[in-house]
Amino acid sequence: MWKKQERYYERYQVEDVLTFISRQLVQAKTIEGNEVYIQEIDIHEPLPPGAREILLNMDLPHVAPVLDVEVSENRATLIHPPFSGDPLPLVVNEKSPMKPAEALHTFTNLLKTMESLEQLPLPMSTTLDPRNISISSKPYLLFCWIKKYSINPPEEKWRELFIYLLTGIVPKNRTERVRFLENKNIPPAYRNLALKCFDPDTNRSEILHQAKQLKFFTPKKLKQKSLMKRLLRYAIVFLVSLLIGGLIGYTANVWIQDTNLHQHSDESSDG
């Protein structure tokens, strides 16, 4: 039997509210004056036994840590410690996109977080909508939803994130995607991965696998690889030049020796 739960505003002093889609992240203070952040997850049926403990022990590096959890018949309330950061759209935009290596690292970490949330004993979901991502020393997700229980969960939007990080925008169609990715600062392999994300036959696990392979070829390594190719090309040209030079020298030497031999023969005949 569920006990009646007091709403957070009856026990905390609300200072600010961040609204995202149908959810709110509330900045508040306890009676003792400690700052906390609160989010409520509305549910359409009671959660299973042990749900509070699962949510309380949800320890993921890119999800805000949880201090306390209160569960009632129609909602779960997560109490977070204070955290700082800027919404991703304020950090990344068309005039200031992420560098490719940083974009890949951020995208991979958040995609892994989505996978980890789904694998919890009480499966969770989130959205990689840029407005749900905050950037401080590392990226983290603001809001989560409980699969099969949450009311009106949003679209996951993970397919759009990588191209957003690389370009600062979310193109409307494939033509726009290709056009905005035609940037000399974006390596072709990164461009291909960003486009691959939109393939409906490709799932998150496959994209993560490809991203992992791509990490072995960061822009720095790609640049080094390109430099090595140029050096190899120059070395080959140099060796070919030496061979041609040697061949010309050898041919000239044979010709000179042959000419001298003929002159010597002519002089002997005259004598």
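A few comments on the model shown:
- Selection from the range 10-23 of residues that are free of Cβ contacts under 8 Å to residues at least 40 places away in the same chain, surrounded by 14 or more Cβ atoms within 10 Å (Cβ to Cβ) and not in a loop (DSSP other than H, G, I, E, B): none
- Counting only strands (runs of 3 or more DSSP E) that sit completely within the range 60-139, those holding 1 or more residues that are without any contact (Cβ under 8 Å) to a residue 24 or more places away in the chain and surrounded by fewer than 21 Cβ atoms within 10 Å (Cβ to Cβ) correspond to 68-71.
- Condition check for residue 55: assigned to a helix (DSSP H, G or I), in contact (Cβ under 8 Å) with a residue 24 or more places away in the chain and either in contact with an Asp or Glu (Cβ under 6 Å, 6 or more places away or on another chain) or over 12 Å from residue 143 (Cα atoms) (or both): yes
- Residue 176 closer than 26 Å to residue 95 by Cβ, out of contact with any Leu (no Cβ under 7 Å at 6 or more places or on another chain) and touching a residue at least 12 places away in the same chain (Cβ under 8 Å): no
Readers should treat all values here as calculations from the given coordinates under stated rules, not as data from a laboratory. Computed from a prediction, not measured in an experiment: that's the story for all the values here. Don't worry about glycine lacking a Cβ; one is built from the backbone with ideal geometry, like all the others, and counts go over all protein chains shown.
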